[in-house]
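Accompanying notes for the structure given below.
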Number of protein chains: 2
Amino acid sequence: MRAQLLTIGDELLIGQTTNTNAAWLGEELSQMGVTMERTVTVGDDASAIQSEMDRAYRTARLVIVTGGLGPTHDDLTREAVAEYFEAPLHSDDEIFARIRRYYEHRNRQMPEAAAKLAQVPEGFAVLDNPVGAAVGLWHEDADRLLAVLPGIPQEMKGIFRAAVRPRLDGQTDLHEVIHRTLVTSGIGESSLQERLGALDDVLDAHTHLAYLPSTSGVRLRLTATTNGEPNAETRLDRLEAHIRERAGEHVIGEGDVTLEEVLGDHLRAEGRTIASAESATGGLIGHRLTEVSGSSDYYVGSVVAYANRVKQDVLDVGAEALRTDGAVSEAVAVQMAQGVRRVLDADVGVATTGIAGPTGGTPEKPVGTVWIGYADATQCRAVRRQYVEDRTLNKELFASAALDLARREQGR
Amino acid sequence: MRAQLLTIGDELLIGQTTNTNAAWLGEELSQMGVTMERTVTVGDDASAIQSEMDRAYRTARLVIVTGGLGPTHDDLTREAVAEYFEAPLHSDDEIFARIRRYYEHRNRQMPEAAAKLAQVPEGFAVLDNPVGAAVGLWHEDADRLLAVLPGIPQEMKGIFRAAVRPRLDGQTDLHEVIHRTLVTSGIGESSLQERLGALDDVLDAHTHLAYLPSTSGVRLRLTATTNGEPNAETRLDRLEAHIRERAGEHVIGEGDVTLEEVLGDHLRAEGRTIASAESATGGLIGHRLTEVSGSSDYYVGSVVAYANRVKQDVLDVGAEALRTDGAVSEAVAVQMAQGVRRVLDADVGVATTGIAGPTGGTPEKPVGTVWIGYADATQCRAVRRQYVEDRTLNKELFASAALDLARREQGR
């Protein structure tokens, strides 16, 4: 089944609201086996709504419309849809009574404008709203399915789960595609592609691979279409095996797992604790480790040693190393990792010292240079990496490199 | 000027990535006086890209395309755009050399696929990328402007700021709209709205106020249209004066200034240094303070005391307070702030201890409870705040509350 989504609202166009409904519906539908082929956003404008409605309705089996169903004068979706279907609006007594009860329950007078929420176009079914006053609308014929939902995310989700999903589950033309996601770490998009090599043996017109890069790593999305094509699972198995063989230890997990979760699982499994000594990352490693619920099982804490005297006084970094090699150096990175391991009494210490920019670079140590330190009971070492010009990006990339180094050392 | 946006990527359609580019570009363009009338998302599919490209290009003065410019086989935008314009692709020597240098700089072999990044369609200008290897593309004729940008948000923003905005600023058909943004801190959207009261005297059909809430505070966008309407500046002056009078010390600045920048400016002006002692925020306060370039002038460092023994051993929090009052308490927050001030030898110490969730709540201290500690040379105190159920949101809100408390104390 192919679907298109039409999201309506000026606030989406001017960026006052990020379109999280599109992402949520895209994920829900693709997991149900519906192929989302296109999403469109237009403002609160009846003719734009009708023209996009027409285009989507003529090409997709399922059309979902969100937004513009509220009571105010700039909510135009209900009228625009009714007019498109040439379906007169009538007030539904049951909905009207329910809306009145909704306000009574809250000891509030029902506003006059709320009566609009009870208007249903002829030939449309009502989709009950378990979490609010506005209902959704449903239209179905032999060729086309249409759901019209409110734009408020909680209400949209509530109606989708309670009333749209059951109606879609009854359709026979689902499951056109299956997906898998492999999560990688410690390797850039181009290098990863090079490592994977020619994929002619494992990709074909019905088996696809997409690269989704971010500052914490590249996710690989494997997709196989199943319509009339046999062995979709087998094709994905072959593609996954190829990737795992080529990318080796860079593949850290599946689905929406994160680098910090994988590191945490390794530490927990081995009963080890970790602490970070951070200069260039300013606390970001600790922040990322503690994004994982339950991280107190293995995360002890961090020392953010932004000033050199904190490196010396708290982490015991030698004045000699700071003077001779400079704060951004192998020696200092190693001593920071060792120091935080000792001071916070942790099994593993990781450290970052680098130049996030935009200022502070030199010809030998340009902006983007970082030394990542690592220390545990049996070894200590540091690696140098060179990233980009942007301060925020560099901090993210430095932190990812440190988490990845710690992850690999635990994985052995 | 009317604009349409075409965002490309399977990951957007299946909800693996939320389309934040659309929101960011929508806000930037509307502040420049460009009317965004429609955004469309399609997958990595050459014919879908061309068909949407055609529709947008035939109706809008400005078309922005994002995504699908990378080096891999599923990046099809460059080829699709070149084919749409019947413009042969040629390799640009200068870009090629720059990409090679980009990899040399990082001591890495340039992957063969990266050569694709140097391909430019005939008749297109190159938009330099200040933060990465992929460049943007620009096409301009008497009727139409077209910008093609990478999908990675940092790169898209970098190119937009450096190369697209200046080209648009030179256009004569920008809307006559003037904007101001007031940045607030330490107050939620509803409370702020209540405080501002009825705005009938200062708002009219040509003078608007929008609330832009985030975890670090609510920004207020003041807009006045000038087409044929006189005194736009005067109208904004009156609106601004009203807001400043009502919101008082919650207004911390204008434009895109951040809470951490304002705090940093106060500290620098008074020659003071700051350190943070973090439990629930896990390093996020240090991370946010160091997002500001030049923060080493006043930021000394942090101790992330996630484990209670770090609170005791490194920050000298008393065992008695931890036992009697618990880690999430006024006494512990104050002692953490005092401790980090002393241990890192800073003028100001801020501290957080709370329950970010989703587990760990009790009837007396539910998830979302936080104590914020503050200490300087003349005083120490702590305040209790109660936020939400979500771990990530709570960490952001806790950090904002701590930064805001420190900001108010310096501002006196």
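Each residue in the stretch A:156-190 was checked for being away from every other protein chain (no Cβ under 14 Å) and either touching a residue at least 12 places away in the same chain (Cβ under 8 Å) or closer than 17 Å to A:Glu28 by Cβ (or both), and 17 of them qualify. For the stretch B:305-315, the criterion of being more than 12 Å from chain A (Cβ to nearest Cβ), in contact (Cβ under 8 Å) with a residue 12 or more places away in the chain and open to solvent by 10 Å² or more (accessible area, probe 1.4 Å) is met by none of the residues. If we keep just the residues of the stretch B:386-407 that are at pLDDT 95 or above and over 20 Å from the mean Cα position of the chain (by Cα), which is most open to solvent (accessible area, probe 1.4 Å)? Residue satisfying both the conditions and the ranking: B:Leu405.
Among the listed residues B:Ala80, B:Ala114, which satisfies the condition of being over 25 Å from B:Met36 (Cβ atoms) and either in contact with a helix residue (DSSP H, G or I) (Cβ under 6 Å, 6 or more places away or on another chain) or not in a loop (DSSP other than H, G, I, E, B) (or both)?
Details: B:Ala80 fails: over 25 Å from B:Met36 (Cβ atoms).
After ruling out the rest, the residue left standing is B:Ala114.
Scanning the stretch A:85-111 for residues that are in a helix (DSSP H, G or I) and of a type in the set (A, V, I, L, M, F, W, C), we see that the one that is most open to solvent (accessible area, probe 1.4 Å) is A:Phe96.
Kindly indicate whether any position in the stretch A:1-22 is within 9 Å of another protein chain (Cβ to nearest Cβ) and more than 23 Å from B:Ser30 (Cβ to Cβ). No, the stretch A:1-22 has no match at all.
Being in contact (Cβ under 8 Å) with a residue 40 or more places away in the chain, among the small types (Gly, Ala, Ser) and within 12 Å of chain B (Cβ to nearest Cβ): is that true of A:Gly255 here? Here the answer is yes, as A:Gly255 does meet what is asked.
Out of B:Ala210, B:Ala205, which single residue is without any contact (Cβ under 8 Å) to a residue 24 or more places away in the chain, over 28 Å from B:Gln386 (Cα atoms) and in contact with a strand residue (DSSP E or B) (Cβ under 9 Å, 6 or more places away or on another chain)? Working first, answer last.
Working: B:Ala210 fails: over 28 Å from B:Gln386 (Cα atoms).
Only one candidate passes the filter, namely B:Ala205.
Within the stretch A:127-139, does at least one residue satisfy the condition of being in contact with a Phe, Trp or Tyr (Cβ under 9 Å, 6 or more places away or on another chain) and either within 14 Å of chain B (Cβ to nearest Cβ) or open to solvent by 40 Å² or more (accessible area, probe 1.4 Å) (or both)? No: the stretch A:127-139 contains no residue that is in contact with a Phe, Trp or Tyr (Cβ under 9 Å, 6 or more places away or on another chain) and either within 14 Å of chain B (Cβ to nearest Cβ) or open to solvent by 40 Å² or more (accessible area, probe 1.4 Å) (or both). The residue that is nearest to B:Ala346 (Cα to Cα), counting only those in the stretch B:261-273 that are within 14 Å of another protein chain (Cβ to nearest Cβ) and under 23 Å from the mean Cα position of the chain (by Cα), is B:Leu267.
Within the stretch B:293-304, the set of residues being open to solvent by 10 Å² or more (accessible area, probe 1.4 Å) and within 9 Å of chain A (Cβ to nearest Cβ) comprises B:Ser293, B:Gly294, B:Ser296.
Looking across the stretch B:49-62, the residues that are open to solvent by less than 10 Å² (accessible area, probe 1.4 Å) and either in contact with a Cys (Cβ under 6 Å, 6 or more places away or on another chain) or over 24 Å from A:Ala210 (Cβ atoms) (or both) come down to B:Ala60, B:Leu62. Listed residues B:Ala351, B:Ala337, B:Ala319; which is more than 10 Å from every other protein chain (Cβ to nearest Cβ), among the hydrophobic types (A, V, I, L, M, F, W, C) and surrounded by fewer than 17 Cβ atoms within 10 Å (Cβ to Cβ)? Only one candidate passes the filter, namely B:Ala319. Restricting attention to the stretch A:354-395, the residues that are at positive phi and either in contact with a Gly (Cβ under 7 Å, 6 or more places away or on another chain) or not assigned by TED's automatic domain parsing to the domain that holds A:Leu344 (or both) total 2.
If you check B:Thr39 against the conditions, is it modelled with pLDDT of 95 or more, open to solvent by 30 Å² or more (accessible area, probe 1.4 Å) and farther than 14 Å from B:Thr77 by Cβ?
Answer is no for this residue.
A search for C-beta distances below 7 Å between a residue of the stretch B:85-96 that is over 20 Å from B:Val63 (Cα atoms) and in contact (Cβ under 8 Å) with a residue 12 or more places away in the chain and any residue that is in a loop (DSSP other than H, G, I, E, B) and open to solvent by less than 80 Å² (accessible area, probe 1.4 Å), counting only pairs 6+ apart in sequence or on different chains, returns B:Ile95/B:Val135.
Within the stretch B:31-53, the set of residues being under 17 Å from A:Glu11 (Cβ atoms) and assigned to a helix (DSSP H, G or I) comprises B:Gln31 only.
Taking the numbered list (1) within 11 Å of chain A (Cβ to nearest Cβ); (2) within 28 Å of A:Leu12 (Cα to Cα); (3) modelled with pLDDT under 95; (4) open to solvent by 10 Å² or more (accessible area, probe 1.4 Å) in turn, B:His73 passes all entries but (2).
Looking only at the stretch B:76-111, which residues are of a type in the set (S, T, N, Q) and within 13 Å of another protein chain (Cβ to nearest Cβ)?
Those that are of a type in the set (S, T, N, Q) and within 13 Å of another protein chain (Cβ to nearest Cβ): B:Asn107, B:Gln109.
Candidates B:Gly26, B:Gly33, B:Gly68: the one that is more than 7 Å from chain A (Cβ to nearest Cβ), under 20 Å from B:Ile159 (Cα atoms), buried (at least 20 other Cβ atoms within 10 Å of the Cβ) and of a type in the set (Gly, Ala, Ser) is B:Gly68.
Taking the stated definitions as given, is A:Val370 within 11 Å of chain B (Cβ to nearest Cβ) and farther than 19 Å from A:His266 by Cβ? Answer is no for this residue.
When the stretch A:174-193 is filtered for residues that are part of a loop (DSSP other than H, G, I, E, B) and touching a strand residue (DSSP E or B) at 6+ places or on another chain (Cβ under 9 Å), the ones remaining, listed by number, are A:Glu176, A:Ser185, A:Gly186, A:Ile187, A:Gly188. Taking B:Ala356, is it open to solvent by less than 40 Å² (accessible area, probe 1.4 Å), under 18 Å from B:Ser276 (Cα atoms) and over 27 Å from the mean Cα position of the chain (by Cα)? Here the answer is no, as B:Ala356 does not meet what is asked. Would you check if B:Val218 is modelled with pLDDT of 90 or more, within 18 Å of the chain's Cα centre (by Cα) and within 14 Å of another protein chain (Cβ to nearest Cβ)? Against the criterion (modelled with pLDDT of 90 or more, within 18 Å of the chain's Cα centre (by Cα) and within 14 Å of another protein chain (Cβ to nearest Cβ)), B:Val218 qualifies.
Selection within the stretch B:8-19: residues that are out of contact with any helix residue (DSSP H, G or I) (no Cβ under 6 Å at 6 or more places or on another chain) and of a type outside the set (A, V, I, L, M, F, W, C). The member of this set that is least open to solvent (accessible area, probe 1.4 Å) is B:Gly9. Checking the stated criteria, A:Val148 turns out not to satisfy the condition of being in contact (Cβ under 8 Å) with a residue 12 or more places away in the chain, assigned by TED's automatic domain parsing to the domain that holds A:Asp128, among the hydrophobic types (A, V, I, L, M, F, W, C) and not in a strand (DSSP E or B).
The values are calculated or read from the model by the stated rules, or taken from the named source; none is laboratory data. Note that the structure is predicted; figures quoted are calculated from it, not measured. Heads up, the Cβs are rebuilt from the backbone with ideal geometry, glycines too, and the neighbour counts pull from every protein chain shown. Protein only, heavy atoms only, side chains kept; ligands, DNA and RNA dropped before computing areas. Shrake-Rupley method; radii C 1.70, N 1.55, O 1.52, S 1.80 Å.
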